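> Here you go, one structure.
The values are calculated or read from the model by the stated rules, or taken from the named source; none is laboratory data. Computed from a predicted structure; not experimentally measured. Here Cβ is always computed from backbone atoms with ideal geometry, including for glycine, and neighbour counts include all displayed protein chains. Each accessible area value is taken on the protein alone, full model and side chains, heavy atoms only, with ligands, DNA and RNA left out. Shrake-Rupley method; radii C 1.70, N 1.55, O 1.52, S 1.80 Å.
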Amino acid sequence: MAMVDQPLYPIAVLIDELKNEDIQLRLNSIRRLSTIARALGEERTRKELIPFLSENNDDDDEVLLATAEELGVFVPYVGGVEHASVLLPPLETLCTVEETCVRDKSVESLCRIGAQMREQDLVDHFIPLVKRLASGEWFTARVSSCGLFHIAYPSAPDALKTELRTIYGQLCQDDMPMVRRSAATNLGKFAATVEASHLKTDIMSVFDDLTQDDQDSVRLLAVEGCAALGKLLEPQDCVAHILPVIVNFSQDKSWRVRYMVANQLYELCEAVGPDSTKTELVPAYVRLLRDNEAEVRIAAAGKVTKFSRILSPELAIQHILPCVKELSTDSSQHVRSALASVIMGMAPVLGKDATIEQLLPIFLSLLKDEFPDVRLNIISKLDQVNQVIGIDLLSQSLLPAIVELAEDRHWRVRLAIIEYIPLLASQLGVGFFDDKLGALCMQWLKDKVYSIRDAAANNVKRLAEEFGPEWAMQHIIPQVLDMINDPHYLYRMTILHAISLLAPVLGSEITSTNLLPLVVNASKDRVPNIKFNVAKVLQSLIPIVDESVVESTIRPCLNELSEDPDVDVRFFASQALQSSDQVKMSS
């Protein structure tokens, strides 16, 4: 008897848990649906589990979302593709619920199942489901149906295809804006499955309706449709149908629509081709760059380099550059910041002469901007300009501004400058670097902000790698010798960190003769934090120096620290001694 009852057990537990008051238990039960389905077997899953889930549709949104997600991967558990249609009824019900994320997940799962279904099953089961949802009384069903047409359409016979196109056209003119929005969002996917002959007639007329919708939320979604449809149409049709729409949208009364055009403009240019871009879209883009809404100017400014690449340098200088000059002094800091993040990319497009004459003054004004993000965005892209105008000009024109920013009151700006220094050093060469920037690099080791001191220590190491140990001996080690005796213990700690980073670069000899004595002296420091950092540094030096130096200098120092009154100092000293023993044993 027990053997007969056993298969009923999983479904009984599931039903109990799904009716439990605790939402977490219900969620866990749904997450285990695949395990339960495997226990029941394919036939009982189809006949008992799926009907039960179809009825269980008035739960919390979280449980319904999990159900919709699980059902999307359930095809193998119901007996494979030939039985996939049994999964459609529970998902159809979930497509009509009020919560958007549940509907979206249900549509996603239906698309996944529909993509696996056989052609005849799509005609018999999937297409009727789409038609039922599209004619649903409640708007949620109609919203969901829009996302399913691209799966249903390719398998439909000609008569059904005509009907599906008509239904989609009706959804695009639905009374509810939410339905029209969904139709506009999914138009590109549906259009990609429609035959070329119907694309120009049915789909373009539907598209025209959406572009003239009285709701800006529908029109702005139609902007995305411009790019999607533009890729499907022949170039001449694209210019005839899509281009006028883009130009109108760029002057739309709603700033949200204009913002969308500014955001999508590069993709729209690709759709209509270079010739139309030069004649029609350049004036539209200039209008967007001078828009009275800051959000639109931000979106347009962020595309300035990409757009300039499509044009010839002459056109960019003639039309785009005047706008760029205006934007560099825009009243909105966010517009200036968006411009600063891309303007450096214009240098390779415009060429050396135009960059020197036109762009350098703009770079300088943005480098001195009062808003730190603007300065940051310029600094982080300086190498793009260097490739065009060369290091001599860059150093003459921009270096004074860089030196000024090295002492900027915002630490993130100082940090960006530090990260740029090794690149600048490699391009400037040793002589120039020593004159202009050497002192700055050491000054940062005493910054008030820890992140700056840490970055400065890494910077010193990268400079030693770039210019070699001899240069480091002349320019870094003497200053490190001075700073290890600084009265502030945090600065002494930074120097210890710098020594641990420099040692591997400088090699065994310089470390043993010049750096190790500094570290050993620091072990007599009165601050425990310094002493346990000494133990850490000594541990990092053990593999670098000779074994004789470890025995004669490092171990005695660590033995002394291992008897320190402070518990942390003793801990790190004993850890370093253990490391020394391991190195000794392995060698």
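> Is region 287-296 home to any residue that is in contact (Cβ under 8 Å) with a residue 24 or more places away in the chain, in contact with a Ser or Thr (Cβ under 8 Å, 6 or more places away or on another chain), part of a helix (DSSP H, G or I) and open to solvent by less than 50 Å² (accessible area, probe 1.4 Å)?
Checked region 287-296: at least one residue is in contact (Cβ under 8 Å) with a residue 24 or more places away in the chain, in contact with a Ser or Thr (Cβ under 8 Å, 6 or more places away or on another chain), part of a helix (DSSP H, G or I) and open to solvent by less than 50 Å² (accessible area, probe 1.4 Å).
> Might you let me know whether region 389-404 holds any residue that is open to solvent by less than 50 Å² (accessible area, probe 1.4 Å), β-branched (Val, Ile, Thr) and either touching a Lys or Arg at 6+ places or on another chain (Cβ under 6 Å) or at pLDDT below 70 (or both)?
Yes; the residues of region 389-404 include at least one that is open to solvent by less than 50 Å² (accessible area, probe 1.4 Å), β-branched (Val, Ile, Thr) and either touching a Lys or Arg at 6+ places or on another chain (Cβ under 6 Å) or at pLDDT below 70 (or both).
> Which residue is surrounded by the fewest Cβ atoms within 10 Å (Cβ to Cβ), if the candidates are limited to region 166-187 and must be under 15 Å from Thr140 (Cα atoms) and aliphatic (A, V, I, L, M)?
The residue in question is Met176.
Matching residues to (1) modelled with pLDDT of 85 or more; (2) polar (S, T, N, Q); (3) surrounded by 19 or more Cβ atoms within 10 Å (Cβ to Cβ):
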{"site": "Lys105", "(1), (2), (3)": "yes, no, yes"}
{"site": "Met117", "(1), (2), (3)": "no, no, yes"}
{"site": "Arg142", "(1), (2), (3)": "yes, no, yes"}
{"site": "Pro154", "(1), (2), (3)": "no, no, no"}
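> Please find, within region 210-224, the residue that is nearest to Ala156 (Cα to Cα) out of those that are open to solvent by 50 Å² or more (accessible area, probe 1.4 Å) and at pLDDT 80 or above.
My answer is Gln212.
> Tell me, please, whether a residue that is surrounded by 15 or more Cβ atoms within 10 Å (Cβ to Cβ), at pLDDT below 85, closer than 21 Å to Lys303 by Cα and hydrophobic (A, V, I, L, M, F, W, C) can be found in region 231-242.
The answer is yes, given that some residue of region 231-242 is surrounded by 15 or more Cβ atoms within 10 Å (Cβ to Cβ), at pLDDT below 85, closer than 21 Å to Lys303 by Cα and hydrophobic (A, V, I, L, M, F, W, C).
> For region 524-537, check the following and say yes or no: at least one residue is out of contact with any His (no Cβ under 9 Å at 6 or more places or on another chain), assigned to a helix (DSSP H, G or I), closer than 19 Å to Ala425 by Cα and open to solvent by less than 20 Å² (accessible area, probe 1.4 Å).
Taking every residue of region 524-537 in turn, none turns out to be out of contact with any His (no Cβ under 9 Å at 6 or more places or on another chain), assigned to a helix (DSSP H, G or I), closer than 19 Å to Ala425 by Cα and open to solvent by less than 20 Å² (accessible area, probe 1.4 Å).
> Okay, next question. Evaluate the following for Ser540: is it in contact with a helix residue (DSSP H, G or I) (Cβ under 6 Å, 6 or more places away or on another chain), hydroxyl-bearing (Ser, Thr, Tyr), open to solvent by 10 Å² or more (accessible area, probe 1.4 Å) and closer than 19 Å to Ile484 by Cβ?
So Ser540 passes the test.
> Now a separate question. Tell me which helices (runs of 4 or more DSSP H) are completely within region 200-250 and hold 3 or more residues being over 17 Å from Cys172 (Cβ atoms), or say none if there are none.
The helices (runs of 4 or more DSSP H) meeting that bar are 216-232, 243-249.
> Okay, next question. Which condition number does Ala271 fail, the rest of (1) small (Gly, Ala, Ser); (2) surrounded by fewer than 22 Cβ atoms within 10 Å (Cβ to Cβ); (3) modelled with pLDDT under 85; (4) within 19 Å of Leu221 (Cβ to Cβ) being met?
Single failed check for Ala271: (2).
> Would a scan of region 123-142 turn up a residue that is over 22 Å from Asp174 (Cα atoms) and of a type in the set (S, T, N, Q)?
no
> Considering only residues that are outside any helix (DSSP H, G or I) and of a type in the set (S, T, N, Q), which ones fall in region 545-587?
Selection gives Ser562, Ser587.
Table: residues versus (1) modelled with pLDDT under 85; (2) touching a Lys or Arg at 6+ places or on another chain (Cβ under 7 Å); (3) part of a loop (DSSP other than H, G, I, E, B); (4) under 24 Å from Ala222 (Cα atoms).
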site	(1), (2), (3), (4)
Lys253	no, no, yes, yes
Ser308	yes, no, no, no
Ile317	yes, no, no, no
His334	no, no, no, no
